[in-house]
Amino acid sequence: MTCDSAGAVLFDIDGTLVDSNYLHVFAWQRAFVRAGHPVDSWRIHRAIGMGSDQLLEALLGEQADAIGDTAKKAHSEEYAGLSDLLRPFSHANDLVRAVARAGAKVVLATSASPEELERLRATLGVEDSVAEITSSQDVERAKPEPDLVQVALQRAEVPADHAVFVGDTVWDVQAAGRAGVPCIGVLTGGVSEAELTEAGAVAVYEDAATLLRDLEQSPLTRAWQGLPRRS
């Protein structure tokens, strides 16, 4: 496939580029205890990757309206206290830079809040390679709804048929699919290859480093095929 202008690779951050999913699980676990409604850790992990409102509804049910705001505030506080444990996955920074050098626009498309996004950006340190960034404040409905992916495409001025999403949860895969964008899955969020594939992932890699090693044979090439490489 060729394109007259650069295509785009849309990257989720939490669990895809940065090792943060299990920090979120712990922060939510403590937050729910503080809110007086403990939730099992495995259930929390299954909901990681959703927007916070969707996560609260999934985990609290009818109690979401009553204690959701309290839990959300407590999660932000707990997660902030864990921020010194954030780190990029091996070669995640290199993957982002390699995609940009190949000629694609890099978009960081995350359901994170603005405060969390700032920490993630500081952890990644790839600002020079990023064309656009979207977060939860840019949409009314977060993943698994397609809104975040659609906004990312609009910001990058790229059609869905010349973009690829990279994510670590079934919610990433579903959101991308609903927006007409193929999704590559990685296992670093703790979701199995079988689940990601069943959700619609076009390929699944162990981690960012593995995807980088297979870059030229991966579905990511649809974002820059026929485009001049950057020097």
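The values are calculated or read from the model by the stated rules, or taken from the named source; none is laboratory data. On a predicted model such as this, the values are computed, not experimentally measured, just so you know. When we count neighbours, we look across all protein chains shown, and the Cβ atoms used for this are built from the backbone with ideal geometry, even at glycine. Only protein heavy atoms, including side chains, enter the accessible area calculation; ligands, DNA and RNA are left aside. Shrake-Rupley method; radii C 1.70, N 1.55, O 1.52, S 1.80 Å.
Below is a table of values for the structure above.
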read-out	value
Percent of Cα-Cα distances greater than 16 Å, calculated over region 120-162	46
All aspartates and glutamates inside 16 Å of LYS72 as judged from Cα atoms, apart from same-chain residues fewer than 8 positions distant	ASP53, GLU57, GLU62, GLU115, GLU116
Value at 222 nm in deg cm²/dmol, rounded to 500, when DSSP H runs of n ≥ 4 in the chain each add -39,500 (n - 2.57)	-13000 deg cm²/dmol
Accessible area expressed per residue, region 154-231, with surrounding protein chains retained (probe 1.4 Å, Å²)	44
Two-decimal ratio, region 23-95, of alpha-carbon radius of gyration to 2.2 N^0.38 Å	1.18
Using a Förster distance of 30 Å, the FRET efficiency for SER192-ASP69 (Cβ separation, nearest 0.05)	0.35
Accessible area of THR188 in the full protein assembly, 1.4 Å probe (Å², nearest 10)	30
Column: log10 I(q)/I(0), Debye, Cα scatterers of the chain, q = 0.10, 0.15 Å⁻¹	-0.42, -0.93
Angle in degrees between helix 92-102 and the longest Cα principal axis of the chain, rounded to the nearest 10	30
Percent accessible area from carbon and sulfur atoms, region 119-229, protein chains only, probe 1.4 Å	44
Percent of beta bridges antiparallel (DSSP, the chain, rounded to nearest 5)	5
Listed residues LYS72, LYS143 arranged by accessible area, highest first, probe 1.4 Å	LYS72, LYS143
1.4 Å probe accessible area per residue over region 1-123, in Å²	44
With Cα atoms, 0 to 90° folded angle of helix 21-34 axis to the chain main axis	20
0 to 90° range, to nearest 10: angle between helix 64-80 axis and the chain longest Cα axis	70
Cross-link reach list, lysines versus LYS105, counting only Cα pairs under 30 Å and skipping chain neighbours closer than eight places	LYS143
